[in-house]
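> Below: one structure in structure tokens.
Bear in mind these aren't lab numbers, they're just calculated from the coordinates by the rules spelled out. If you're wondering where the values come from, they're calculated on a predicted model, not measured in any experiment. Here the Cβ positions follow ideal geometry from the backbone for every residue, glycine too, while neighbour counts run over all protein chains shown.
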Amino acid sequence: MTTLQTQIPDQLIQQAQYLVQQGWMANMDELVAEAMRRYLESHREAMAEQCIRDDVDWGLRGQN
């Protein structure tokens, strides 16, 4: 397990705390981990495509 330190806008934290208080998540750690998982899953194709583009660009232009 890794500890993450970050800055989050106050309004976003308030919304997240409300969800925890309402019982939607057990705690903020669980909420943040779930949010990151969902973000990464929903952007997996775009990230893979960007990696492929980067590899092709590197292959065409070589190392700098």
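> Quick check for me: using +1 on Lys/Arg Cβ and -1 on Asp/Glu Cβ, what's the dipole size of the chain about its Cα centre, in debye to the nearest 20?
Roughly 20 debye for the chain.
> While we're looking at this one, here's another question. Taking 30 Å as R0, compute the FRET efficiency from the Cβ-Cβ separation of Arg37 and Gln11 and round it to 0.05. Don't skip to the answer; put the middle values down first.
Numbers: r = 22 Å, r/R0 = 0.75.
E(calc), rounded to 0.05, equals 0.85.
> Applying the Karplus parametrisation 6.51 cos²θ - 1.76 cosθ + 1.60 with θ = phi - 60° to the phi angles of the stretch 24-31, what ³J(HN,Hα) value in whole Hz is obtained for each residue in order, glycine and proline being reported as x?
Computed from phi, the couplings for the stretch 24-31 are 5, 9, 5, 6, 5, 4, 5, 4 Hz.
> What number results when the radius of gyration of the chain, computed over Cα atoms, is divided by 2.2 N^0.38 Å?
The chain yields a ratio of 1.66.
> Then there's this: Karplus couplings for the stretch 40-48 from phi (6.51 cos²θ - 1.76 cosθ + 1.60, θ = phi - 60°), rounded to Hz, Gly and Pro as x?
Result, rounded to whole Hz: 5, 5, 6, 10, 4, 5, 5, 5, 5.
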